[in-house]
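K.L.:
Below you will find the structure I want to go over with you.
The values are calculated or read from the model by the stated rules, or taken from the named source; none is laboratory data. Bear in mind the structure is a predicted one, so any value in this text is a computation, not a measurement. We place every Cβ from the backbone using ideal geometry, glycine too, and count neighbours over all the protein chains shown. The area values use the complete protein model at the heavy-atom level, side chains included, leaving out ligands, DNA and RNA. Shrake-Rupley method; radii C 1.70, N 1.55, O 1.52, S 1.80 Å.
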Amino acid sequence: MQKFLLFSIFILLSSSLLSDVIQGPYYLDNANIDRDPITDIALPTGFEATVFADVDGYARHIAVRDDGTVYLALTVRMGRGSNMGIVAMQDTDNDGTADIIESFATHIPGTALQFYDNYLYFGSKTAIYRFEFEGDNILPIGDPEIVVDGFPEQGRHEAKTFAIDDQDNLFVNVGTPSNSCAEEFRTIDSPGMDPCPHLEIQSGVWKFSASTLNQTQADDGIKFATGIRNAVAIEWCDEHKKIYFLNHGRDALFLLYPEFYSAEDSAELPSEEMHILTEGADYGWPYTYFDHMKGQRMLAPEYGGNGQVVADEDKYQTPIANFPGHWAPNDMMFYKGDQFPEYFKNGAFVVWHGSWNRAPIQQAGYKVTFSPFINDMPTGDWQDFANKFAGQRVLENPADAVHRPTGIAEGINGEVYVSSTVSGRVWQIKYVGE
């Protein structure tokens, strides 16, 4: 027990190497603030949430049309959820709760949503679609058009999330179906494949035209960046003129290599990394991982590492911010509005779906954090913004979580919407003052 307590103290101190929990002017005091009995979440003083909608389905990302209509993606994942497609929601009396809810594209399971050039783009598991709208109708006209098709079918990390920049470029995350590209999946001491075959058509970001229809990955895609295990959270920032993403780190260091890692090591490692998307860059998977306690990129054990061997610093990208392991970053958003205080302007909100493999310590994540930016870079500090989604002070099994936040989007008046997978809930968050 004494060893575990010392390790926990070390984790708290070491995490300050690159990313610190801060108490900014609008910080959330997790120790002293309880969940709201109606909304089930906790927010900093001055902010207020309403339950915008409770949707039947496994909810994913959110997009908001320029008329204020909120759109929510639904998917089916590992047997969970029965409804698919997109849900359109309107709050016509401005009470913070949707009173019109309609569905479409119910035959397509998907995650990513974004409005671009008056079309709603939707990322399924194997394609990117777009929907056209006409007038005030909240439902699209006609059938969905295929923007890009032909992505590989895979059982893990299949969500095709994307970002669209201001030059008509579409950047699609193609996750890897593997944990660490080992010869035998999740098998003790199984060596990594070198070169890793997943890097050919997966484990990176591909570039396409956003306005051209009927493209395929094989014929039209440009491999823009590689070494990315799964960038579910990927976002263009118009203010900074860059695409940012967070990568899901690998799992099971202790389970697969107990001679090199303790259970406590494996609970905190590797870091969840924030990066700027750069053409031609290699972000290190599967050959490396980032250790935020050491502040270094390490060679993965499948490729000769032992928790102490540092990877080639010149070959791989260094994160611009780091977060504790296994929190699962599932969406991010740069705040552009004026409804929130100026402190939040052009900073990044990150939605953490929550861990499943941090034993023997409790599961973590299950919240929304905020990272202030100076110019185009995070300050290195972050703070909790919305928390208590899990519903339990100590969560040992992720299946017991009441909510698992997944998507985030800004409304037309600067309000913010957050979605939850397991409950299908959508919250609206506003600043109401001190």
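K.L.:
Under 19 Å from the mean Cα position of the chain (by Cα) and modelled with pLDDT under 95, is that true of Ala401?
P.N.:
Yes, satisfied.
K.L.:
Just give me the residues in the stretch 37-60 being in contact with a strand residue (DSSP E or B) (Cβ under 8 Å, 6 or more places away or on another chain), part of a loop (DSSP other than H, G, I, E, B) and either touching a residue at least 40 places away in the same chain (Cβ under 8 Å) or open to solvent by less than 20 Å² (accessible area, probe 1.4 Å) (or both), in sequence order.
P.N.:
Thr39, Asp40, Ile41, Leu43, Pro44, Gly46, Val55, Gly57
K.L.:
Would you mention how many residues in the stretch 140-156 are in contact with a Ser or Thr (Cβ under 7 Å, 6 or more places away or on another chain), assigned to a loop (DSSP other than H, G, I, E, B) and open to solvent by 40 Å² or more (accessible area, probe 1.4 Å)?
P.N.:
Of the residues in the stretch 140-156, 2 are in contact with a Ser or Thr (Cβ under 7 Å, 6 or more places away or on another chain), assigned to a loop (DSSP other than H, G, I, E, B) and open to solvent by 40 Å² or more (accessible area, probe 1.4 Å).
K.L.:
Kindly indicate the residue of the stretch 295-305 that is open to solvent by 20 Å² or more (accessible area, probe 1.4 Å) and touching a residue at least 40 places away in the same chain (Cβ under 8 Å) and also farthest from Ala252 (Cα to Cα) among those meeting that condition.
P.N.:
Here the answer is Gly295.
K.L.:
So in the stretch 377-430, with the set limited to residues that are hydroxyl-bearing (Ser, Thr, Tyr) and either out of contact with any Phe, Trp or Tyr (no Cβ under 8 Å at 6 or more places or on another chain) or buried (at least 20 other Cβ atoms within 10 Å of the Cβ) (or both), which one is nearest to Phe245 (Cα to Cα)?
P.N.:
If we take residues in the stretch 377-430 being hydroxyl-bearing (Ser, Thr, Tyr) and either out of contact with any Phe, Trp or Tyr (no Cβ under 8 Å at 6 or more places or on another chain) or buried (at least 20 other Cβ atoms within 10 Å of the Cβ) (or both), then Thr406 is nearest to Phe245 (Cα to Cα).
K.L.:
Can you pull out the residues in the stretch 278-294 that are crowded, with 24+ Cβ neighbours inside 10 Å and part of a loop (DSSP other than H, G, I, E, B)?
P.N.:
Correct list: Tyr283, Gly284, Trp285, Pro286, Tyr287, His292.
K.L.:
Mind checking which residues of the stretch 327-362 are open to solvent by 30 Å² or more (accessible area, probe 1.4 Å), within 17 Å of Ile374 (Cα to Cα), in a loop (DSSP other than H, G, I, E, B) and in contact (Cβ under 8 Å) with a residue 24 or more places away in the chain?
P.N.:
Listed by number, the residues that qualify are Lys336, Asn346.
K.L.:
List the residue pairs whose Cβ atoms are under 6 Å apart, where the first residue sits in the stretch 379-405 and is assigned to a helix (DSSP H, G or I), the second is open to solvent by 10 Å² or more (accessible area, probe 1.4 Å), and the two are 6 or more positions apart or on different chains.
P.N.:
Listed by first residue and then by second, the contacts come to Pro398/Trp356; Pro398/Gln363.
K.L.:
Which condition does Asp93 not pass, out of (1) within 20 Å of Asn230 (Cα to Cα); (2) open to solvent by 70 Å² or more (accessible area, probe 1.4 Å), if it passes all the others?
P.N.:
Here Asp93 meets the rest and fails (1).
K.L.:
Which condition does Gln217 not pass, out of (1) surrounded by fewer than 19 Cβ atoms within 10 Å (Cβ to Cβ); (2) modelled with pLDDT of 95 or more, if it passes all the others?
P.N.:
Going through (1) surrounded by fewer than 19 Cβ atoms within 10 Å (Cβ to Cβ); (2) modelled with pLDDT of 95 or more one by one, Gln217 breaks only (1).
K.L.:
For the stretch 114-139, give me each residue that is in a strand (DSSP E or B) and of a type in the set (Gly, Ala, Ser).
P.N.:
Gly123, Ser124 - these are the residues of the stretch 114-139 that are in a strand (DSSP E or B) and of a type in the set (Gly, Ala, Ser).
K.L.:
Okay, moving on. Just wondering, is there one or more residues in the stretch 306-319 that are of a type in the set (Asp, Glu), open to solvent by less than 20 Å² (accessible area, probe 1.4 Å) and more than 17 Å from Phe385 (Cβ to Cβ)?
P.N.:
There is no residue in the stretch 306-319 that is of a type in the set (Asp, Glu), open to solvent by less than 20 Å² (accessible area, probe 1.4 Å) and more than 17 Å from Phe385 (Cβ to Cβ).
K.L.:
Let me ask another. Return the residues of the stretch 88-112 that are in contact (Cβ under 8 Å) with a residue 60 or more places away in the chain, under 23 Å from the mean Cα position of the chain (by Cα) and either closer than 22 Å to Ile164 by Cα or assigned to a loop (DSSP other than H, G, I, E, B) (or both); say none if nothing qualifies.
P.N.:
Result: Thr111, single match.
K.L.:
Looking only at the stretch 232-254, which residues are under 16 Å from Ser371 (Cβ atoms) and under 12 Å from the mean Cα position of the chain (by Cα)?
P.N.:
Ala233, Ile234, Glu235, Tyr244, Phe245, Leu246, Asn247
K.L.:
If you check Tyr287 against the conditions, is it aromatic (Phe, Trp, Tyr), in contact (Cβ under 8 Å) with a residue 60 or more places away in the chain and in contact with a Gly (Cβ under 8 Å, 6 or more places away or on another chain)?
P.N.:
Answer is yes for this residue.
K.L.:
Yes or no: Ile188 more than 27 Å from Pro258 (Cα to Cα) and not acidic (Asp, Glu)?
P.N.:
no
K.L.:
Taking Lys207 as the residue in question, decide whether it is closer than 19 Å to Lys160 by Cα and surrounded by fewer than 20 Cβ atoms within 10 Å (Cβ to Cβ).
P.N.:
The answer is yes for Lys207.
K.L.:
Give me the residue from the stretch 61-78 that is closer than 15 Å to Phe104 by Cα and part of a strand (DSSP E or B) and, out of that set, nearest to the chain's Cα centre (by Cα).
P.N.:
Across the stretch 61-78, the extreme among qualifying residues is Ile62.
K.L.:
Filter the stretch 179-215 for residues that are over 25 Å from the mean Cα position of the chain (by Cα) and among the β-branched types (Val, Ile, Thr); which is farthest from Glu153 (Cα to Cα)?
P.N.:
Ile188
K.L.:
I'm trying to understand the selection: among the residues of the stretch 220-277, which are surrounded by 19 or more Cβ atoms within 10 Å (Cβ to Cβ), hydroxyl-bearing (Ser, Thr, Tyr) and in a loop (DSSP other than H, G, I, E, B)?
P.N.:
Hits for the stretch 220-277 are Tyr257, Tyr261, Ser271.
K.L.:
What residue, of Thr369, Thr318, is out of contact with any Pro (no Cβ under 7 Å at 6 or more places or on another chain), over 24 Å from Asp56 (Cβ atoms) and in a loop (DSSP other than H, G, I, E, B)?
P.N.:
Thr318
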